[in-house]
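Values quoted throughout were computed directly from the atomic coordinates according to the rules given, and no laboratory measurement underlies them. Note that this is a predicted model, so its numbers are computed, not measured. Methodologically, a virtual Cβ is constructed for each residue, glycine included, from the backbone with ideal geometry; neighbour enumeration extends over all protein chains shown.
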């Protein structure tokens, strides 16, 4: 009888641990998904600002159509990419590089540099880049927590058994793109 009670207690304890670990993994996965949607919100804002910026620059930099076309192409590629964070990182890096080229144009066109609309768009994009950086850090912290749980004992057993997978980090590959877009007037 005592052995039966001990067996029941052991089963209940093990079941409690399994349930707690499973719930932790679910919570971590939800945190990753929630923080990814914060990144998507900031990316959408960034995508919406770019056409306005290009239109403003067009009026001043008529001879720079290739640069502007590169920005639009990079934006369209980024908008169309709904892949994994690792896949989206590549298109976001291209877009960041193209935006830097547009902001560099302002050095060659003093009238553009003085344009209020350009300056406002530049400030909004810089704010968006800062917010995107914060969202990226938050997302990557959640990914780290999930990945750690998927690789440490005993949760690794449950993660493998229930199909929990490690998530991809959202990384910026270029060293120059690691911060917000910098423009010097």
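Per-residue ellipticity at 222 nm computed for the chain from its helices equals -27500 deg cm²/dmol, with DSSP H segments shorter than 4 residues left out and the rest contributing -39,500 (n - 2.57). When peptides 2-8, 29-35 are ranked by their average number of other Cβ atoms within 10 Å per residue, the highest-first order is 29-35, 2-8. Listed options for volume of the Cα convex hull per residue in Å³ are [x] 105; [y] 207; [z] 154. The value calculated from this structure is the one marked [x].
Between the C-alpha center of the stretch 17-90 and that of the stretch 140-168 there is a gap of 25 Å. Note: relative contact order over the chain, using C-alpha pairs below 8 Å and six or more positions apart, is 32 percent. Angle of helix 2-60 to the longest C-alpha principal axis of the chain, folded into 0 to 90 degrees and rounded to 10: 10°. Please give the helix 116-151 orientation as an angle from the longest Cα principal axis of the chain, in degrees from 0 to 90, rounded to the nearest 10. That helix lies at roughly 20 degrees to the long axis.
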